[in-house]
Amino acid sequence: MRKGFTLIELLVVVSIISTMSSVVLAGVQAARIKGRDSNRISQMRQVQLAVELYYANHGQYPSLRSTNIVQNWSDLLDLLRAEKLLATEPPSITVENTSLFSRIVSKLNPLHSVYALNTTIQDPLYPAQSYGYMPGDSTIPYQNFRIRSKLENINNPILQNGLSGKFLYTDADEVSYPQYSCAPLYGYYCIGPQQNISAGFNAFQPGKPVVYLYPQWTMPISVTVSPVSIEESIPEYKNGWNVVADPDGTITDPRDGKKYPYLYWEGASNQPRIDNRKGAVVKTSEIKSFLVNALQQQGLIQHEYDEFVEYWAPRMTTHLPYVYVYFIPQVVYDKLIPMTITPTPDTTIRVYMVWKALETPISVIPQSFSAPERKGFTVVEWGGDRSQLGDI
């Protein structure tokens, strides 16, 4: 009778244990990678929200200019924390602390060299598994940014949901340096506004459209808007708003009982057709009085135009002496961003403004406005473009 194992039996057992251990370790490693990637994505989204809150406060994203220097990820986090927009707990992965200028200028296509010296700069050389912030400068007509991280699992399905492709670079640069873009092929995951900087001059970014509801009696009201996308909304937009509104304009979300003075959303839309032969050129020192007068002519009442001016006037008062202002006709805006309200309002007023700061005045034909009579169930919406116009 045998009392032990043969050498062959022992080798078989060891082989089986080794194989099983390899499978278990591979699974553990895969789970760790998945966890680290999930943490990166979570951190990115926290910072993205803070950057958007910064925009809401300042009318621009954190830039690379002397007013708020952001040369690397640490600078960005410090800036957001200083404004109390981001918790003190930092992302757990760091990036190199080097100057953008010294690392990027040699890589820029000559077409973009003026951007490197005067306006937009981004750093394409983030080390693997790090965070990066690629800002569009406030002097560019269409502001933008990307937050980027390289994920460890290049087969992660979430990569296909990120913002892919080049951000600033031309097609030639994309071919030469594809790893510097937001290409999922290389594991790069990017989040930020939908518009691409290089295509930004055709972008349209509705900024703080707000909708006031004034029914004749307290009633439930359904509101839907149809832009290309909705990035932010208050209350939360879930295929529309279903709220209860009072005659004084107070809006209640029945889901949690919270009350609001208006509905708010921001997002992206297609580019409207703008008749830049028309509009107004206003001295920046007179922009507030101009807006009040123009909004009154279009049917807004005091608290509505006061809130419009409070939000937009500081953003339009730049270092340049003049501002070109154009209000999109309501019939055009209705087609650009349809809005459906149930029950149907008796009166609908929609005011939407685009603008551009100017060094010197230009000649334009003044727009004429006619305010509808506010009667019955009245809905009022105002908003403006977050980005200045391109060439006019």
*Do you know which of the residues in segment 27-47 that are of a type in the set (Val, Ile, Thr) and surrounded by 11 or more Cβ atoms within 10 Å (Cβ to Cβ) is farthest from ARG146 (Cα to Cα)?*
ILE33
*Does segment 238-263 hold any residues that are surrounded by 17 or more Cβ atoms within 10 Å (Cβ to Cβ) and either touching a Gly at 6+ places or on another chain (Cβ under 9 Å) or under 28 Å from ILE328 (Cβ atoms) (or both), and which are they?*
TRP241, VAL243, ALA245, GLY249, ILE251, TYR260, TYR262, LEU263
*Would a scan of segment 182-192 turn up a residue that is modelled with pLDDT under 60 and over 30 Å from PHE377 (Cα atoms)?*
no
*Using the structure shown, decide if VAL282 is farther than 27 Å from PRO193 by Cβ, part of a strand (DSSP E or B) and without any contact (Cβ under 8 Å) to a residue 60 or more places away in the chain.*
yes
*Which condition number does VAL323 fail, the rest of (1) under 27 Å from the mean Cα position of the chain (by Cα); (2) crowded, with 17+ Cβ neighbours inside 10 Å; (3) part of a helix (DSSP H, G or I) being met?*
(3)
_With the structure loaded, tell me whether THR348 is without any contact (Cβ under 8 Å) to a residue 60 or more places away in the chain, part of a strand (DSSP E or B) and hydroxyl-bearing (Ser, Thr, Tyr) or whether it fails that test._
yes
*Complete set of residues in segment 37-48 that are at pLDDT 85 or above and not polar (S, T, N, Q)*: ASP37, ILE41, MET44, ARG45, VAL47
*asked:* Need the failing condition index for ASP248 against (1) at pLDDT 90 or above; (2) part of a strand (DSSP E or B), just the number.
replied: (2)
*Determine which single condition TRP312 fails, assuming it passes every other condition in (1) buried (at least 17 other Cβ atoms within 10 Å of the Cβ); (2) over 21 Å from the mean Cα position of the chain (by Cα); (3) aromatic (Phe, Trp, Tyr); (4) closer than 20 Å to TYR212 by Cβ.*
(2)
*When segment 351-392 is examined, which residues are found to be surrounded by fewer than 16 Cβ atoms within 10 Å (Cβ to Cβ) and outside any loop (DSSP other than H, G, I, E, B)?*
ILE365, PRO366
*Is it fair to say PRO215 is in the same structural domain as THR378 (by TED's automatic domain parsing) and at pLDDT 70 or above?*
yes
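Is at least one residue of segment 3-19 outside the structural domain of TYR189 (by TED's automatic domain parsing), in contact with a helix residue (DSSP H, G or I) (Cβ under 8 Å, 6 or more places away or on another chain) and at pLDDT below 80?
yes
Quick one: in segment 216-245, of everything that is part of a strand (DSSP E or B) and among the hydroxyl-bearing types (Ser, Thr, Tyr), which residue is nearest to the chain's Cα centre (by Cα)?
Within segment 216-245, the match that is nearest to the chain's Cα centre (by Cα) is SER229.
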*Return the residue satisfying two criteria in turn: it lies in segment 264-306 and is within 23 Å of PRO235 (Cβ to Cβ) and hydroxyl-bearing (Ser, Thr, Tyr), and of such residues it is surrounded by the most Cβ atoms within 10 Å (Cβ to Cβ).*
SER269
*Mind checking which residues of segment 49-69 are modelled with pLDDT under 85, buried (at least 16 other Cβ atoms within 10 Å of the Cβ) and of a type in the set (A, V, I, L, M, F, W, C)?*
VAL51, LEU53, LEU64
*Somewhere in segment 288-299, is a residue of a type in the set (Ser, Thr, Tyr) and assigned to a strand (DSSP E or B)?*
no
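The values are calculated or read from the model by the stated rules, or taken from the named source; none is laboratory data. A quick note: this is a predicted structure, and the numbers were derived from the prediction, not measured. Note: ideal-geometry Cβ built from the backbone for every residue, glycine included; neighbour counts use all protein chains shown.
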